[in-house]
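Note sheet for the following structure.
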Amino acid sequence: MASTAASADGFVPNGNQRPTTECDSVSDSDRVVDLVDPANVARFKAELVAFLGELYSPDQPWDLDVFEGYGRGMVATRDIAENELIFLDRPILVGPRVNNYDVIFCASCCRIQKKLTLCSGGCRLPICPDCDVSAAPETPHSAECRVITAWHPKDQKRYCKTILYALTSIRGFLMDDHQRSIVLNMEAHPPRKDMITEVERILKDEVFSNLPEDSPNVRYLRQIVNVLNTNAFETFRMVQDEENNDHEIILRGLYILGALMNHCCLPNIRYVFDENLVMRCYASKPIGKGEQIFNNYSKPLWGTQHRIIHLCFSKHFMCGCERCRDPTELGTYLGALKCVRENCPQGRMVSLNPLKVSSVWQCDSCGLTMSNAKVTKIQEIAGRMILNNAVKKDAAYIVEYLNDHVSKFLLPCNQFTVELKLQAIRKIQDDSSLELLVEKEKYCLDILEILAKLSYGECFVKGVLCYELFKARMVIAARQETSFPDEDVLAHLRSAWIILGCSGNRPRDLDQLAQSHGCKV
């Protein structure tokens, strides 16, 4: 993914500038030159196309190029229509994320396990009977089990979360030379000093007796970890338990082609993952020939200050796009705060220089100024109050909290208010009260209006909101015994199907709804 080093309190000209830290075979200065050398870009693309195999076709409307201020990136080779498929990509590495899970699942196939069953090979990982090394002469888990056991895991009869969380990186040892060449030519920012990676956790916990810290294996693992932390996507595998209940196992996947899209807070693509973990990237709005194909590395409904801090700390660059430069964020005021003066009820506090995190904020009505330190404190308090408390409650509590409390100290368009609305939309189901369903309908329309102001086009969030809005209006019409659906409502269902139809975790009833209302296209 596009990355660049920049101070958190200054503006980076041209948006993104990109020093990198990639292969350890060349110096940092040589590495930057090597990445943007036309011959190297062409070689890298050839390797990538070979890896993609049947997923790539020469008529796909993209190419790799070098952009001033960005480095490598993806460019449209012809005009691309809204909703047109741009490319398909598959993970070169995929596996568990470095976070806790709510369920026990097979480390190989992700099948849900009622009881923890460890691999008989001694790798200390949870494995289902079909993937266990004893199930066949060679199972999908056998090779990685051999890698792990060669390092002599201690206490082999006990489950080790540390090994599970490092499994995606460990699978880097299973790549062939061609795949390694691709991966090691991706950006690989070293971790922050306060960050303990899965490799450092392995060393700190002394999980293995045959993996010295100064060994080539540890150096290679650190390279893979850095590539993953810089470039990996959150993907998933849908599995069912013994009662036929769906579970979404969140994974991390290294999608090389997807990672080559540069960042913009006003992206022109959306992507979904299908049942086979294939990334399907579509144009969310028209893209002209020669234009960059942009992804958004941050959350689309975060305010500018939160996006800037996130991008600086996690991706090592500052964005300077049109949205980031505009204190109002194109009229959405997602990051704005309510004026603290009681006699200024309509006032909105915005940063005078959004690209400078330390900038003073000012009310657009009464002119009151406030230091960034005070603004940050207000945001921290609001975040704790809302995200740590209200989000965990049921739908009725969230709606009441929004109406009776949040409206007194936050704008209806503020990012924390929007997050609460999204949580309410998710939790208000078909059997909820009519009052809650009406609130859900309103929240969907509120957020769709924000996306429209940002010109986000046919983005993934819009697809989810259109689906939820259609369902809410369908139930409301049935309760009120009114006619359903009209053309406006059907337009929402069509958008939901177009955007979500290829996703492996689309709502279970979306196919049937689209089919019965003639919206499958």
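Restricted to the range 137-158, and to residues there that are within 13 Å of Leu125 (Cα to Cα) and acidic (Asp, Glu), the residue that is surrounded by the fewest Cβ atoms within 10 Å (Cβ to Cβ) is Asp155. Among the residues examined, Ile309 does not qualify as among the hydrophobic types (A, V, I, L, M, F, W, C) and part of a strand (DSSP E or B). Report whether or not Lys462 is open to solvent by 40 Å² or more (accessible area, probe 1.4 Å) and closer than 28 Å to Leu337 by Cβ. When the stated conditions are applied, Lys462 passes them. Listed by first and then second residue, the pairs with beta-carbon distance under 8 Å, at least 6 apart or on different chains, first residue in the range 507-518 and in contact (Cβ under 8 Å) with a residue 12 or more places away in the chain, second open to solvent by 40 Å² or more (accessible area, probe 1.4 Å), are Arg508/Asp246; Ala514/Arg494; Ala514/Lys520; His517/Pro485. Select from the range 55-74 the residues that are under 23 Å from the mean Cα position of the chain (by Cα) and more than 17 Å from Ala39 (Cα to Cα) and list them in ascending order. Leu55, Trp62, Tyr70, listed by residue number. Within the range 194-244, restricting attention to residues that are within 23 Å of the chain's Cα centre (by Cα) and of a type in the set (D, E, K, R), the residue that is least open to solvent (accessible area, probe 1.4 Å) is Glu198. Only residues that are outside any helix (DSSP H, G or I), of a type outside the set (A, V, I, L, M), closer than 23 Å to Tyr271 by Cα and touching a helix residue (DSSP H, G or I) at 6+ places or on another chain (Cβ under 9 Å) were counted across the range 477-521, and they come to 7. Of the helices (runs of 4 or more DSSP H) lying entirely inside the range 176-289, the ones with 2 or more residues being in contact with an Asp or Glu (Cβ under 7 Å, 6 or more places away or on another chain) are found at 177-183, 216-231, 256-259. The set of residues from the range 85-136 being of a type in the set (Ser, Thr, Tyr) and open to solvent by less than 60 Å² (accessible area, probe 1.4 Å) comprises Tyr101, Ser108.
Say whether the condition of being open to solvent by 50 Å² or more (accessible area, probe 1.4 Å) and either within 25 Å of the chain's Cα centre (by Cα) or within 21 Å of Asn296 (Cβ to Cβ) (or both) is met by at least one residue in the range 472-489. No, that holds for no residue.
When the residues of the range 56-71 are filtered to those that are in contact (Cβ under 8 Å) with a residue 24 or more places away in the chain and of a type outside the set (Phe, Trp, Tyr), the one that is surrounded by the most Cβ atoms within 10 Å (Cβ to Cβ) is Gly71.
Rundown of residues vs (1) open to solvent by 20 Å² or more (accessible area, probe 1.4 Å); (2) assigned to a loop (DSSP other than H, G, I, E, B); (3) closer than 19 Å to Leu301 by Cα, yes/no style:
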residue	(1), (2), (3)
Gly367	yes, yes, no
Lys374	yes, no, no
Gln379	no, no, yes
Met385	yes, no, yes
Glu400	yes, no, no
Asp404	yes, no, no
Lys408	yes, no, no
Phe416	no, no, yes
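Checked against the criterion of being aliphatic (A, V, I, L, M) and surrounded by fewer than 22 Cβ atoms within 10 Å (Cβ to Cβ), the candidates Ala424, Ala452, Ala496 yield just one match: Ala452. Looking at the range 120-154, which of the residues that are among the β-branched types (Val, Ile, Thr) and in a loop (DSSP other than H, G, I, E, B) is nearest to Lys204 (Cα to Cα)? So the residue we want is Ile127.
The values are calculated or read from the model by the stated rules, or taken from the named source; none is laboratory data. Keep in mind that this is a model prediction, so the values were computed, not measured. Methodologically, a virtual Cβ is constructed for each residue, glycine included, from the backbone with ideal geometry; neighbour enumeration extends over all protein chains shown. Surface accessibility is based on the protein's heavy atoms, side chains included, excluding ligands, DNA and RNA. Shrake-Rupley method; radii C 1.70, N 1.55, O 1.52, S 1.80 Å.
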